[in-house]
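What follows is a set of notes on a single structure, which appears directly below.
Throughout, read-outs are computed from the coordinates displayed, never taken from laboratory work. This one's a predicted model, so the numbers in the text were calculated from it and none came from an experiment. Counting neighbours? That spans all protein chains shown, and the Cβs are built from the backbone with ideal geometry, glycine included.
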Amino acid sequence: MKVFSLFIVTLIFFNISSLGQTDASENINSTNNKRVKNIYFELGGAGVLQSLNVDFRLGKTKFNGWGFRIGIGQYNEYTYSRFSERRSYNVLLPIGINNFIGKKKHLFIVELGLTSMYSYKYQEYTQYNSLRREHKMLFLGYLNTGYRLQNKETGFMFQLLWSPVVNINYRNDFTNSRIIPYWFGIGLGFQVFK
């Protein structure tokens, strides 16, 4: 959780400091010559349960076109039975290349990416008074397709995605399935300019 909080503070600091940096020859009221960045919170999607993401457009004059996203997510699991107690702490890093198709504020999203997940699990067996610890790196591939509302005037961003996941570590204990086709994501955020 400390890593997640530090990531949020760092993002806010760098984006606030970059807002004040403008060139004298730049027209401040015009957004046509500025690179678009979005900061958004996503439930589901590439961050599995929840993630905080930054999305960049590669073209300086576009709200659409090619770009990339990077984020950080976290979730915990806890199970308890009469004989054992199991806890799991997971940190996820979704990274993807995307393309936004559309002219105005309604965009179609296509994104291909990889989510790396560091998982720390421990299980305590009360019956035997023993403890088992396990560290794993897992990788999930994903393909996002969906809709994004990108309001250029207010900076509000909303997206709804179908996000099928390919479990690259099929035999390494994430799910019982290699492909999870029924995964979805919803994101809310705002845009800032470089």
Estimated inter-spin distance, Phe158 and Ile97, nm [label 7 Å along Cα→Cβ] = 3.1 nm
Within-9-Å neighbourhood charge of Gly189 [Cβ basis; K, R +1; D, E -1] | -2
Taking the range 64-104, which trypsin sites (Lys or Arg not before Pro) meet the DSSP loop condition and have no more than 14 other C-beta atoms within 10 Å?
-> Arg82, Lys103, Lys104
So which chymotrypsin sites (Phe, Trp or Tyr not before Pro) in the range 69-149 are both in a DSSP loop and have at most 13 other Cβ atoms within 10 Å of their Cβ?
-> Phe83, Tyr128
In nm, give the distance between the simple-model label positions of Asn129 and Leu143, each being 7 Å from the Cα along the Cα-to-Cβ direction.
-> 5.4 nm
Sorted by Cβ density within 10 Å, fewest first, the residues Glu42, Glu134, Glu85 | Glu134, Glu85, Glu42
Extreme residue, positive dipole direction of the range 50-193, given options Tyr182, Phe156, Tyr118 (C-beta unit charges) = Phe156
Measure off 7 Å from each Cα along the Cα-to-Cβ vector at Ile168 and Val110, then give the distance between these two points in nanometres to one decimal.
-> 2.2 nm
Based on a Kirkwood Rh over C-alpha pairs, give the Stokes-Einstein translational diffusion coefficient of the range 50-193 at 20 °C and viscosity 1.002 mPa s in µm²/s.
-> 125 µm²/s
